[in-house]
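The values are calculated or read from the model by the stated rules, or taken from the named source; none is laboratory data. Predicted model, so just to flag it, every value in this text is computed and none were measured. Please note: Cβ atoms are built from the backbone with ideal geometry, for glycine as well, and neighbour counts cover all protein chains shown. All accessible areas refer to the heavy atoms of the entire protein, side chains included, with ligands and DNA or RNA removed. Shrake-Rupley method; radii C 1.70, N 1.55, O 1.52, S 1.80 Å.
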Amino acid sequence: QIKAMLRASVGLNNLRVMFPMVSRLEEAEQAAALVARARVELAEDGIEAAAPMIGVLIEVPAAVYQAESLARRFDFLSVGSNDLAQYLLAVDRNNSQVASLYDERHPAVLRAVNEVAAAGKRLGKPVTICGSMAGEPGLAVLLMAMGFEGLSLNSGRLLRVKWALRTIPMQTAQAVLAQALAAEYPEQVSKLVTRMLDEHGLGGLIRAGRR
């Protein structure tokens, strides 16, 4: 599979490879070594493939606490917010008996996501995020304030998120983020986000019937 991706990138040189479910540095290092070996084997066959950018998808708590080490070794980081929140909260979001305990506004989730963004900024590595957090207008604004450079979300939510990001000033977003990171309950975060959207005339993005 790696060789096929490298072959497809010849002449384009735009391949980015991201390794998921990383919980140990050596896992990611070994995976990167496989990419390097595949390039050598292709070169032996006369195919010169450029080295791709290599990144890590951070979606388990262990990777959060090694985000800086990962950023030091690789080209970019990305957060998988759905799985990260699920593992942090020990809640299966697909289990109806406990799904109500799954909450991306939980302060622990926000702090973990923010730590990854901060690690990327400290080392000058781009950090992106995918998952339902990126599709919530209020949370997307907080992610922008954290320093995430890219959001991956459902296309049906794109216009609402773009509207919020274009409307709310960065200074406001950073001030609300500081309060949210200091919060102790998910409900406090929800109130902060709702008030921010309301104050900028964006209440309709989260409440049906309002504009």
3J(HN,Hα) from dihedral phi, the stretch 77-84, Karplus parametrisation 6.51/-1.76/1.60, rounded to Hz, x for glycine, proline: 10, 9, 9, x, 5, 4, 5, 4
Protein-only accessible surface order, largest first, of 191, 162 at 1.4 Å: 191, 162
Choice from 55, 156, 46 with maximal GNM fluctuation in the chain (Cα, 10 Å cutoff): 46
Dipole of the chain, positive direction: furthest Cα of 79, 183, 138, with charges on the beta-carbon: 138
Ratio of the Cα radius of gyration of the stretch 99-211 to 2.2 N^0.38 Å, where N counts its residues: 1.01
Residues whose placed amide H lies under 5 Å from that of residue 18, excluding near-sequence neighbours: 55
Built amide H within the under 5 Å cut-off of residue 58, gap 5+: 78, 79, 80
Only Lys, Arg (+1) and Asp, Glu (-1) charged, at Cβ; the stretch 10-163 dipole about Cα centre in debye: 580
Residues of type aspartates and glutamates that residue 191 reaches as a straight line, Cα spacing below 16 Å, ignoring anything fewer than 8 places off in the same chain: 103, 104, 136, 199
Residues with amide H under 5 Å from that of residue 152, placed H, sequence gap 5 or more: 129, 130, 131
Residue with peak Gaussian network fluctuation, the chain [Cα springs, cutoff 10 Å], from 72, 37, 93: 37
Scaled radius of gyration (Cα, divided by 2.2 N^0.38 Å) that the stretch 50-109 gives: 1.35
Vicinal HN-Hα couplings computed from phi for the stretch 158-164 (Karplus, 6.51 cos²θ - 1.76 cosθ + 1.60; Hz; Gly/Pro x): 4, 5, 5, 5, 4, 4, 5
Gyration tensor (Cα) of the stretch 1-54, equivalent ellipsoid semi-axes in angstrom: 21, 12, 7
Alpha carbon centroid spacing (whole Å) that separates the stretch 100-135 from the stretch 153-211: 16
Check: the stretch 36-83 dipole with +1 on Lys, Arg Cβ and -1 on Asp, Glu Cβ, in debye: 200
The stretch 1-137, relative contact order [Cα under 8 Å, separation at least 6], %: 23
The stretch 137-199 - Kirkwood radius from inverse mean 1/r over Cα pairs (Å): 11.9
Degrees, to the nearest 10: 25-44 long Cα axis against longest axis of the chain: 40
3J(HN,Hα) from dihedral phi, the stretch 183-198, Karplus parametrisation 6.51/-1.76/1.60, rounded to Hz, x for glycine, proline: 5, 10, 10, x, 4, 5, 5, 4, 5, 4, 5, 4, 4, 4, 5, 4
Per residue convex hull volume, Cα atoms of the stretch 1-109, in Å³: 111
Over the stretch 96-170, relative contact order from alpha-carbon pairs under 8 Å, at least 6 apart, %: 28
